[in-house]
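Working notes, beginning with the structure itself.
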C-alpha cells in the first residue's frame, strides 16, 4: 500500500510539472479528503471514468446545457457520497445511485455527477489504445472544415499528424514549416513561368496540408495555446497576401500587362482587410474559455474564410490560366471584405 501511495505521489509530481497543463490542480490522496473537498466545493463536481476517452462536445453539453438524447443521459448519474468509495473501486454492483434528476433540470449542486462515458470509448485491453487513437485522429478536424477540406486536405493532414506524433515537434514549429512552404510558393509564383507556377501551386497545397496538422497535433497533445492560435491565423493570412501579390507580379513578368499588378494588389488588399476584420472574431471563438464552455458553430463568414481556393489555383496553374485566378481572387477577396465591413456596420447600428 505504501508503494502504491508513493507511486501516486510521483505521478502527481510529474503531472503538475507538465507544461501543457494550464489549470490549477488539487491532488487528493484518499477518499475521506475527496468527500470533504466535494462537500466544501461551491461548484458542481464531476467525476470522470478514467478508462474512457471522453468526447469534448458531449462534455460541453453536459456541463453547460443538457444531454441531447437518452444515451447521453445514461452515461451520467448522480452519486451519494457514502457510496463514492464503491464507485472509485469500480464495484458498481453495490453502488446506490441517487434519484435521477428530471431531464429539464440541472443536477443539484453538491451532489457529485459520475460521467462514465460511452462503452465504445472504454479501454479494456491493449488493442483498444490503437482503436481509440484512430478515433481521435478521425475527429481531430475543426467544426468549420468545408466539404472540400474534409475530402482533399484532412486525410493527408492526418497522415502527416501520425508522422509528427512520433517525433518531438511542437505545433508552433509545424506552423512555421507551413509558413516557410507558403513563402516558397510565393517565390516560385513571382517567377512567372509555367513550370515554376506548378511548383508554386504544389508547395502551397503542401503548406495547407502541413497547416492542418499543427492544430491536430495541438489538440491531440493538449498543447493548444493562445499564442499558437494567433501564430496559425497570422501566418495563413500573410501567406495569402504574398501569394496574391506574387501571382500578379508573375503574370506581369510573363505578359508585360500592368493590369495584373493592380489585380494582384487588389487581391492582396482585400485579403488583408478581411483578415483584419475576421481575425479578432476567430481568436475569441478559439480562446480557451470559449472552447471549454461553448460548442460554437461557425458563422457564414467563417465558413468562407478557408483555404479551398488552393485547389482551384492548382487547377488553373496546370492549364496555364493564372490570369483567370487573379481576376477571380481580386473580385472575390474584395467582395468578401465588403461583406465583412457591411456586417460590422450592421452590428454597430443594432442596439
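Can residue 181 be described as at pLDDT 95 or above and not assigned by TED's automatic domain parsing to the domain that holds residue 62?
Considered against the rule, which asks whether it is at pLDDT 95 or above and not assigned by TED's automatic domain parsing to the domain that holds residue 62, residue 181 comes out as yes.
Among residues belonging to the stretch 253-272 that are outside any helix (DSSP H, G or I) and out of contact with any helix residue (DSSP H, G or I) (no Cβ under 7 Å at 6 or more places or on another chain), point out the one that is surrounded by the fewest Cβ atoms within 10 Å (Cβ to Cβ).
256
When you check residue 186 against the structure, is it outside the structural domain of residue 205 (by TED's automatic domain parsing), more than 24 Å from the chain's Cα centre (by Cα) and either assigned to a helix (DSSP H, G or I) or at pLDDT below 85 (or both), yes or no?
The answer is no for residue 186.
Residue 162 - would you say it is touching a residue at least 40 places away in the same chain (Cβ under 8 Å), in a helix (DSSP H, G or I) and farther than 22 Å from residue 243 by Cβ?
Judged against the criteria, residue 162 is not a match.
The values are calculated or read from the model by the stated rules, or taken from the named source; none is laboratory data. Everything numeric in this text was worked out from a predicted model, so none of it was measured. Here the Cβ is made from the backbone with ideal geometry for all residues, glycine too, and neighbour counts use every protein chain on show.
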